[in-house]
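Here's the structure we're looking at; comments come further down.
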Amino acid sequence: MRHKINSILFVIVVLSVGFLNIIFHTENAVSELENKELQLFPEISLKAVFEDQLTSKIDRFVSDQFMFRTPLIKFSSKVSSLSGFKSDMTISVVSNDNMISNFVNDTGQGSSGSSLKASNGGGKDNSANTVDNQTYEVGDIDVNYLVFEDRAFASFDENKQAEREYSDAIKNVSNRFENVNFSVLLTPTQVAFLNKTYDGLTDNQVDSLKRFETLFGSGVQYVNAYPLLKENYSDDLFFRTDHHWNGLGAYYGYLSYCEAKSLQPMLRKDTVYGEVKGFLGSVYKMMNNQNLAKHPDKIMTYTPKIDVSMDRYKVVGDETVIDVADIPYLISEKLMGDSASYRVFLGGDCALTVIHNLDDPSLPKLLVVKDSYGNALVPFLAANYSEIYAVDPRHYVGDLTELIDEKEIKEVLFINSANITRTSGYAGMILRAFE
């Protein structure tokens with residue numbers, strides 16, 4: 001009798017939660033707390049049903065728009081932050097890290113050890129990753145965050161097999177083009193500049209960056225930005241509360257690229273400097289660490305003194321379509337939204353961003369394949385190219401081979417965080433983007 005009552009109560013609770021969620025669910029396109037786009041209720045169509053996309057999108061909608069989602073995340077982060085050491089250094093583990101979300105490693109296991117289902121074949125589906133002819137479902141990846149005094153660091157776990165898969169994917173793509181130059185700029189994260197205090201808590205990212213000097217071979221030019229960043233390292237190159245580099249760090253990355261490509265760099269005196277104060281970034285939002293909250297960042301911006309026009313594209317169904325056209329600025333507080341945000345650079349991540357240098361249309365064209373680290377660097381490149389096509393393969397739907405041929409692009413640059421090389425999923429995204 002007791003089991004029957006418990007079963008009835010369980011069903012009542014489940015139905016009640018489902019009913020309340022229908023009433024109180026959110027309709028937010030973006031989560032400021034997690035710095036990511038959220039799934040809105042999908043368009044119901046026969047095509048979506050037949051392609052088996054509708055169910056997965058509805059599942060993501062229920063997860064992303066669950067009632068009281070933001071307060072629950074804050075509560076979870078606060079509980080998580082209670083663990084660690086009672087000193088200036090605490091360690092927290094945060095799941096579904098937005099730097100490398102949607103990536104899984106070559107074994108089909110998330111780094112948390114949760115099993116990921118593998119199946120043969122695989123069409124072009126943004127909800128899955130194809131590596132070595134196997135399609136892996138998206139899984140969460142755990143990342144250790146170290147907080148020392150007023151600064152947070154994301155740990156780095158080396159994965160030599162994933163490093164080779166990343167470099168092999170880019171070499172594979174570059175070999176398909178005879179007259180197109182390929183370059184790669186892997187951006188160090190703040191953990192690359194840690195002192196010996198953290199030995200044993202994170203792998204050596206600098207060693208990983210050095211390995212790429214030989215992994216790409218002669219067909220792809222590798223740009224190592226670490227030496228120049230190390231030479232000019234200061235508290236302002238990277239944020240204390242966010243996993244990205246600041247505008248000044250991105251500028252040194254840009255100088256490293258120009259030196260490698262023998263380009264005349266734009267000097268800082270040819271930019272308009274700006275500051276956005278009161279920025280609490282992605283790491284703070286994931287950890288809810290109150291010591292970080294007491295020391296907010298300032299976003300340093302350098303707006304090139306050139307006449308530009310920017311178009312932003314989004315994915316609707318199976319197509320990449322125009323979202324906002326003729327934006328006259330690359331860096332602007334208008335791009336941030338309601339609060340201080342890393343979206344001040346290019347307006348944040350989107351499927352495709354097209355930048356036109358209206359001052360000098362005779363310059364060459366550039367395709368940039370990037371993650372969010374590229375957002376702060378791309379604006380500087382506008383001074384050296386007539387057109388820039390910046391693509392985020394995590395969101396883009398289309399064939400970049402066709403884009404290169406159609407636009408007669410002769411240079412391709414991959415800008416990625418070094419954390420991309422922890423997992424194999426991004427290599428699969430690169431290969432699918434050039435199908």
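The values are calculated or read from the model by the stated rules, or taken from the named source; none is laboratory data. None of these values were measured; they are calculated from a predicted model. Here the Cβ is made from the backbone with ideal geometry for all residues, glycine too, and neighbour counts use every protein chain on show.
Structure notes:
- Residues within segment 328-349 that are modelled with pLDDT of 95 or more and not small (Gly, Ala, Ser), tallied: 9
- Pick from segment 200-252, criterion among the hydroxyl-bearing types (Ser, Thr, Tyr) and touching an Asp or Glu at 6+ places or on another chain (Cβ under 8 Å), ranking: farthest from LEU186 (Cα to Cα): THR241
- Only listed residue being at pLDDT 95 or above, in the same structural domain as GLY249 (by TED's automatic domain parsing), crowded, with 19+ Cβ neighbours inside 10 Å and touching an Asp or Glu at 6+ places or on another chain (Cβ under 8 Å), chosen from ASN384, ASN375: ASN375
- Condition check for THR214 on (1) β-branched (Val, Ile, Thr); (2) free of Cβ contacts under 8 Å to residues at least 12 places away in the same chain; (3) within 25 Å of ALA382 (Cα to Cα): one failure, at (3).
- Any hit, segment 297-305, residues being farther than 30 Å from PRO227 by Cα and either not assigned by TED's automatic domain parsing to the domain that holds LEU335 or not charged (D, E, K, R) (or both): no
- Number of the exception - LYS285 against (1) in contact with a Lys or Arg (Cβ under 7 Å, 6 or more places away or on another chain); (2) closer than 24 Å to LEU248 by Cα; (3) not aromatic (Phe, Trp, Tyr): (1)
- ALA325 being at pLDDT 95 or above and surrounded by fewer than 19 Cβ atoms within 10 Å (Cβ to Cβ): yes
- ALA192 under 13 Å from SER417 (Cβ atoms) and part of a helix (DSSP H, G or I): yes
- Residue count for segment 417-435 under the criterion of being of a type in the set (S, T, N, Q) and surrounded by fewer than 22 Cβ atoms within 10 Å (Cβ to Cβ): the result is 0.
- In segment 136-145, the count of residues that are at pLDDT 65 or above and surrounded by 19 or more Cβ atoms within 10 Å (Cβ to Cβ) is one or more.
- Members of segment 226-270 found to be polar (S, T, N, Q), touching a His at 6+ places or on another chain (Cβ under 8 Å) and without any contact (Cβ under 8 Å) to a residue 60 or more places away in the chain, listed by number: none
- Residue in segment 202-217 that is among the polar types (S, T, N, Q), surrounded by 18 or more Cβ atoms within 10 Å (Cβ to Cβ) and closer than 30 Å to PRO304 by Cα present: no
- Of all residues in segment 261-311 being of a type in the set (Ser, Thr, Tyr) and not in a helix (DSSP H, G or I), the one that is surrounded by the most Cβ atoms within 10 Å (Cβ to Cβ): THR301
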